[in-house]
Amino acid sequence: MSEMHLFEYAVIRVVPRVEREEFINVGVVLYCASQGFLKARCTLPVERLAAFSNVPDPDEIAARLGAFEQICTGRKTGGPIGQLPVASRFRWLTATRSTIVQTSPVHPGLCADPQQTLDRLYDQLVH
């Protein structure tokens, strides 16, 4: 049996109009401390987003989602936040905010392979 690792994840959401509390799940961010794993997987469904009124520019939203992935990767490409320790980057990404790109509350679990778990969660919660 494979060794199990504690992981935490949050669903990444686009909230076109914060005051209406409507959102579309567009990705998942997963952190596994014991494996040093922090990764986000996102897709912006432009056609579904168009169903909302007064939607901001999809390119701007895509850039914000790209920032999630860059921060997860770390290094200078992730800016000042991307240079923080892995745990701090995950906490920053999942902090409560009232912006167009938000995350769900953080949920824990156990996994043998963080990448497979990220892919599974993405398939279940985004597609």
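Structure summary
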read-out	value
Residue match in the stretch 22-43 (condition: modelled with pLDDT of 95 or more and among the basic types (Lys, Arg))	yes
Test: residue in the stretch 78-98 that is loosely packed, with under 12 Cβ neighbours inside 10 Å, touching a residue at least 12 places away in the same chain (Cβ under 8 Å) and part of a loop (DSSP other than H, G, I, E, B)	yes
Residue within the stretch 28-51 that is surrounded by fewer than 14 Cβ atoms within 10 Å (Cβ to Cβ) and among the acidic types (Asp, Glu) present	yes
Any hit, the stretch 27-46, residues being without any contact (Cβ under 8 Å) to a residue 24 or more places away in the chain and touching a strand residue (DSSP E or B) at 6+ places or on another chain (Cβ under 9 Å)	yes
Selection count, the stretch 37-79, where residues are among the polar types (S, T, N, Q) and more than 22 Å from ARG91 (Cβ to Cβ)	3
Subset tally (residues that are closer than 14 Å to CYS32 by Cβ, of a type outside the set (A, V, I, L, M, F, W, C) and touching a helix residue (DSSP H, G or I) at 6+ places or on another chain (Cβ under 7 Å)) for the stretch 75-108	1
Test: residue in the stretch 41-61 that is in a strand (DSSP E or B), closer than 22 Å to PHE7 by Cα and not aromatic (Phe, Trp, Tyr)	yes
Filtered residues of the stretch 74-123 (kept if among the charged types (D, E, K, R) and modelled with pLDDT of 90 or more)	ARG89, ARG91, ASP113, ASP119, ARG120, ASP123
Some residue of the stretch 66-73 being surrounded by 12 or more Cβ atoms within 10 Å (Cβ to Cβ), over 20 Å from VAL15 (Cα atoms), touching a residue at least 12 places away in the same chain (Cβ under 8 Å) and of a type in the set (D, E, K, R)	no
Residues satisfying the stated conditions in the stretch 1-38, i.e. among the β-branched types (Val, Ile, Thr), more than 13 Å from the chain's Cα centre (by Cα) and not in a helix (DSSP H, G or I)	VAL15
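The values are calculated or read from the model by the stated rules, or taken from the named source; none is laboratory data. Keep in mind the model is a prediction, meaning the values are calculated, not measured. Cβ atoms come from the backbone with ideal geometry, glycine included; neighbour counts cover every protein chain shown.
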